[in-house]
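These notes concern the structure reproduced below.
The values are calculated or read from the model by the stated rules, or taken from the named source; none is laboratory data. Computed from a predicted model, the values in this text were never measured in an experiment. Note that each Cβ is placed from the backbone with ideal geometry, even for glycine, and that neighbours are counted across all protein chains shown.
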Amino acid sequence: MFDTGVTRRLQGRTSLSMGTPEYGHAFESWIAHELSAYADASRREAEIAYWRTRTGLEIDFIVNGDVAIETKTTRNATKDGLKGLRAIAKEGTFKHRILVSNEPRAREVDGFEILPWRDFIDRLWSEELF
């Protein structure tokens, strides 16, 4: 099943607690659905890929080869949470390098955008990302 909400419902699980691995999977799945829905609704070409190094660093979404998006459910992203974005930054240039999180405010760290999920969704649907 591609939809974690449907899967959870079929399994009879009705609660989802922040800070659990399940919450992280649901958060990442939701962002994936938003990216796909935006691309379809706006009729924009969007190649959505995944990136991973041999050492296990990863980026959840690469959109059209120039937008790198990582998701973390944290309310306080640290430099450790930017490891994947730092690694991919060495691979090429990107229009945006974004960490989507539960942070209360948008901020920038070493050229990486850390966005609360609400800001990310607003920017996505305002056609600011791709």
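Determine whether region 35-50 contains at least one residue that is touching a Ser or Thr at 6+ places or on another chain (Cβ under 6 Å), within 16 Å of Trp117 (Cα to Cα), of a type in the set (Gly, Ala, Ser) and modelled with pLDDT of 85 or more.
No, the conditions are met nowhere in region 35-50.
Does region 113-128 include one or more residues that are in contact with a strand residue (DSSP E or B) (Cβ under 8 Å, 6 or more places away or on another chain), charged (D, E, K, R) and within 19 Å of Pro21 (Cα to Cα)?
No, region 113-128 contains no residue that is in contact with a strand residue (DSSP E or B) (Cβ under 8 Å, 6 or more places away or on another chain), charged (D, E, K, R) and within 19 Å of Pro21 (Cα to Cα).
Which of the residues that make up region 23-43 are among the polar types (S, T, N, Q) and free of Cβ contacts under 8 Å to residues at least 40 places away in the same chain?
Those that are among the polar types (S, T, N, Q) and free of Cβ contacts under 8 Å to residues at least 40 places away in the same chain: Ser29, Ser36.
Any idea how many residues of region 75-87 are at pLDDT below 90 and assigned to a helix (DSSP H, G or I)?
Qualifying residue count, region 75-87: 3.
Condition first: over 16 Å from Val100 (Cα atoms), basic (Lys, Arg) and touching a strand residue (DSSP E or B) at 6+ places or on another chain (Cβ under 8 Å). Now tell me which residues in region 27-73 satisfy that.
Arg52, the sole residue that qualifies.
Considering each residue of region 71-130, count those that are within 18 Å of Tyr50 (Cβ to Cβ) and small (Gly, Ala, Ser), and give that number.
Selection size over region 71-130: 5.
Tell me which residues, restricted to region 101-117, are outside any loop (DSSP other than H, G, I, E, B) and under 12 Å from the mean Cα position of the chain (by Cα).
Ser101, Glu113, Ile114, Leu115, Pro116, Trp117
Could you tell me whether region 88-98 includes any residue that is in a helix (DSSP H, G or I), among the β-branched types (Val, Ile, Thr) and either in contact with a Gly (Cβ under 7 Å, 6 or more places away or on another chain) or at negative phi (or both)?
yes
Can you name the residue in region 44-67 that is touching a Lys or Arg at 6+ places or on another chain (Cβ under 6 Å) and touching a residue at least 40 places away in the same chain (Cβ under 8 Å) and, of all such residues, is nearest to Glu127 (Cα to Cα)?
Val67
Out of (1) more than 18 Å from Ile121 (Cβ to Cβ); (2) at pLDDT 95 or above, what's the single condition that is false for Glu70?
Tallying (1) more than 18 Å from Ile121 (Cβ to Cβ); (2) at pLDDT 95 or above, Glu70 fails exactly one: (1).
Starting from residues that are charged (D, E, K, R) and under 15 Å from Leu129 (Cβ atoms), keep the ones in region 52-110 and report whichever is surrounded by the most Cβ atoms within 10 Å (Cβ to Cβ).
Looking at residues that are charged (D, E, K, R) and under 15 Å from Leu129 (Cβ atoms), I get Glu70.
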